[in-house]
Amino acid sequence: MLSRTADHVYWLGRYAERAENLARTLDVQYRLSLLPGQSPAEGIGWARALSILRLNSQYTARFGEDYETHRVIDFLAFDRENASSILNCLRAARENARAVRGTISSEMWETFNSTWLEARATAPSRFTARNVAEFIEWVKYRAHLARGVVLGSMLRDEGYHFMQMGTFLERADGVARLLRIRLACEATAPTGEPVTHDYLPWTVLLRALSAYEIFRRVSRDQVTPLHVVEFCAFRPDVPRSLLRSAALVFDNLGSVANTQSAETQRRAGVLHSMLRFGTLGALGAGGADAFLEDVMARAWDLNDRIGRDFLGHVVPG
Amino acid sequence: MHRRHQADPPPYDEMYTADGRVRPPYSVYAGWLTREPEDALRQKRAEADSLFHRVGITFAVYGEEDGNERLIPFDIVPRILSADEWRRLAAGLRQRVKALNAFIADIYHGHEILRAGIISPEQIICNPQYRPEMQGLDVPGGIYAHIAGIDVVRAGQGEFYVLEDNLRVPSGVSYMLEDRKMMMRLFPELFALNRVAPVEHYPDRLLENLRSAAPAGVADPVVVVLTPGAHNSAYFEHAFLAQQMGVELVEGADLFVRDGFVFMRTTRGPQRVDVVYRRIDDDFLDPLVFRSDSALGVPGLMSAYRAGRVTVANAIGTGIADDKSIYPYVPDMVRFYLGEEPLLANVPTRVLRRPDDLAYTLAHLDELVVKEVHGAGGYGMLVGPTASAAEREDFRLRILAAPEKYIAQPTLALSTCPTFVEQGIAPRHIDLRPFVLSGKDVSIVPGGLTRVALRAGSLVVNSSQGGGTKDTWVLED
């Protein structure tokens, strides 16, 4: 497969997944901002979220310290200047699909194209910060649709493997961020000191990850931060868990291995093993953040190495 | 752009005779059309628009926000040719393209036609489309224009005329295929009522043709489609053809030349490329030989080509045969190379380098269309009947200063075909671009791309100026 083609399908996977992850992150934060008694924390919550999304400096440069909920939602969901807004991720996914429309199935191209066309046409009018819940549902629905189209129509060749790698590296990154945002908000509750953990925010998080029912079904644990992080990190059978993402990255990488990718495969194996055999027990909730940060760093290292080994990216330095 | 005179007889209509009878190829369709309510047609047209948008069958418009590609309007009324009309047309096209390929081979080898005095050498040597780099180079099978798009119009009593030969990177074939797909989706019942010759095998033919053009000795040739990129106005077609043929769509930067061979960069390292179906103009193909500022091309491609290690289709330098200054000589080429009388007529063309043609033209400027031979896109053109006296006088002076730069043709009344426009069904002018593939033999899928000028009276079918397309049916016996 052409390196450039592989690069486009890889980023198609990443951007499509990023749009979905952002929608899910927004879902959690938005629902929590509606809870009674949360308003003093609202600003802190959004600031934490933006900084873990690495968007806080861009945000404050434009809007200062004004973290009014609707403003932040507009920025994250619809803003055309914010390259990482959901709208722009959908656009980027579509542009990558367009660049390889001859390689992916026509159904895939049509799906990503119509998602973008519809988002562009309706986001300013039908969807606004006022009815963001509807927009989030729509983004998730379109993501489910695209996933089905990919599974049902895409040739299982290298392109598929690269798209899967893009998807699952992005998912690992997105889920780790979402958990870290939640942990960060816990650590700075309104009173300024650690609070007894309210189960509610973590329930909201599980729901946003489409995992609440699964949690109830497979776990007898209470909904506590540690349990939820462990659940989201180490379960091999939960669709959005870190372990499952890392396992799929490792598998798909193995399917495209070339003469220079041995070290990248080894590192993917390390990440996989960390999650496969890891526990948080010894680390506690405080160490969880460091653990998640490490997972994110390893995911980005893999991203760079895949670019170098397969996608024709120039090695920096 | 120009309108016909009110006094002229009405142009040939493809569906109806002058006294209102339905022409035979349309007999079944016309009956269906009169029974079909206008609302139903309107609904089908809206459906077609939304499908084309979703499928992204669009052309990019430079300078507009990404994602703002435009649709080429699609008309739901097909243009229909009888089996017999098509047989005659196809025979003429085959003959013409054979002669054009023979001409290009001659120009880059022995110059027989120049020595026979049919075309003067300075018309070749001084022509910017002549590529000295091609002189003496043998290409596989002696084929230069593997893919030709010949623009054909009907005028008078329905006679076919060739308006233009496109031998460089002719485009539009994807619309031929997508229009058919759309018609079958919208009106499946029509295909049960009419025996329409299929066109869907074009990509197979094209691939076969390109593979057969590979350098000698390559057992299983690798073909690629070379595109300028996603921002090119014809990008949809490039991606479409690559996908339909199952070959890689590459940009210049995906290819490189090493040890005299062309390779593409893949996830498993370099892979040899044997045939490049390029959709980039000569000028941009190889910055080492042609325009050095081209970022679209492949440095060294020309040297690999000259060494016979890669085939470029169409060959470099085919523009010498589709230039307006050479067009008037195509009928002579048919006679010279094939020893046959041309089956397809040119539009009668006066070559102003000839004194008697010049004198006639200057005396009839108000009736003729005068074209600058190297002009394109309607620039450097005088449309006599609609031009003002001052414009004609200005052109007279320009012609006198350099008559060899101009040709003149009568204003043709292009045929019309009923078309579904805002006001309902109304006649609009059309042309036809069949696609002729040359390899071991010459093949043409039945039909081609019919373009239609959607504005009443307009003769301009170009998509950039409000032209649309129609599905083209060739009926089987």
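Annotations for the structure displayed:
- Qualifying residue in the range A:121-140 (condition: crowded, with 24+ Cβ neighbours inside 10 Å and within 14 Å of another protein chain (Cβ to nearest Cβ)): no
- Filter result for the condition that a residue is modelled with pLDDT of 90 or more, within 14 Å of chain B (Cβ to nearest Cβ) and either assigned to a loop (DSSP other than H, G, I, E, B) or within 20 Å of A:Met165 (Cα to Cα) (or both), over A:Arg267, A:Arg305: A:Arg305
- Filtering the range B:344-390 to residues that are touching a strand residue (DSSP E or B) at 6+ places or on another chain (Cβ under 7 Å), at pLDDT below 90 and part of a helix (DSSP H, G or I) leaves only B:Gly384.
- Restricting attention to the range A:98-110 and to residues that are part of a helix (DSSP H, G or I) and facing chain B (nearest Cβ under 9 Å), the residue that is nearest to B:Phe52 (Cα to Cα) turns out to be A:Glu110.
- The residues listed here are A:Ser255, A:Ser261, A:Ser245; of these, the one that is away from chain B (no Cβ under 14 Å) and either within 28 Å of A:Ser3 (Cβ to Cβ) or not aromatic (Phe, Trp, Tyr) (or both) is A:Ser245.
- Within the range B:204-234, considering residues that are of a type in the set (A, V, I, L, M, F, W, C) and over 22 Å from the mean Cα position of the chain (by Cα), the one surrounded by the most Cβ atoms within 10 Å (Cβ to Cβ): B:Val223
- Pairs with Cβ under 6 Å, 6+ apart, first in the range B:205-217 and closer than 15 Å to B:Asp441 by Cβ, second of a type in the set (S, T, N, Q): B:Arg205/B:Ser443; B:Ala213/B:Thr311
- Residues of the range B:422-435 satisfying the condition of being more than 30 Å from B:Asn314 (Cβ to Cβ) and touching a strand residue (DSSP E or B) at 6+ places or on another chain (Cβ under 7 Å): B:Ile425, B:Ala426, B:Pro427, B:Arg428
- Hits in the range B:241-268 - residues which are more than 7 Å from chain A (Cβ to nearest Cβ) and assigned to a strand (DSSP E or B): B:Leu255, B:Phe256, B:Val257, B:Arg258, B:Phe261, B:Val262, B:Phe263
- Filter pass, B:Val298 being crowded, with 23+ Cβ neighbours inside 10 Å, in contact (Cβ under 8 Å) with a residue 12 or more places away in the chain and in contact with a strand residue (DSSP E or B) (Cβ under 6 Å, 6 or more places away or on another chain): yes
- A count restricted to the range A:112-131 and to residues that are out of contact with any Ser or Thr (no Cβ under 9 Å at 6 or more places or on another chain), of a type outside the set (Phe, Trp, Tyr) and in a helix (DSSP H, G or I) stands at 11.
- Qualifying residue in the range A:145-160 (condition: farther than 30 Å from A:Phe63 by Cβ and facing chain B (nearest Cβ under 10 Å)): yes
- Count of residues meeting criterion [farther than 30 Å from B:Leu177 by Cβ and among the acidic types (Asp, Glu)] in the range B:393-435: 3
- Residues (over 17 Å from B:Glu251 (Cβ atoms) and in contact with a helix residue (DSSP H, G or I) (Cβ under 9 Å, 6 or more places away or on another chain)) located in the range B:263-281: B:Arg268, B:Asp274
- Taken over the range B:388-404, the residue count meeting the criterion of being out of contact with any helix residue (DSSP H, G or I) (no Cβ under 6 Å at 6 or more places or on another chain), farther than 13 Å from B:Leu365 by Cα and touching a residue at least 40 places away in the same chain (Cβ under 8 Å) is 1.
- Subset of the range B:269-297 that is in a strand (DSSP E or B) and over 23 Å from B:Gly149 (Cα atoms) - its residue that is nearest to the other protein chains (Cβ to nearest Cβ): B:Gly269
- The residues of the range A:1-23 that are surrounded by 24 or more Cβ atoms within 10 Å (Cβ to Cβ), of a type outside the set (Phe, Trp, Tyr) and within 14 Å of chain B (Cβ to nearest Cβ), listed by number, are A:Leu2, A:Thr5, A:Ala6, A:His8, A:Val9, A:Leu12.
- Looking at B:Thr349, B:Thr311, just one residue is of a type in the set (Ser, Thr, Tyr) and farther than 16 Å from B:Pro410 by Cβ, and that residue is B:Thr311.
The values are calculated or read from the model by the stated rules, or taken from the named source; none is laboratory data. In this text, all values refer to a predicted model and were calculated from it rather than measured experimentally. All Cβ positions, glycine included, derive from the backbone under ideal geometry; neighbour counts span all protein chains shown.
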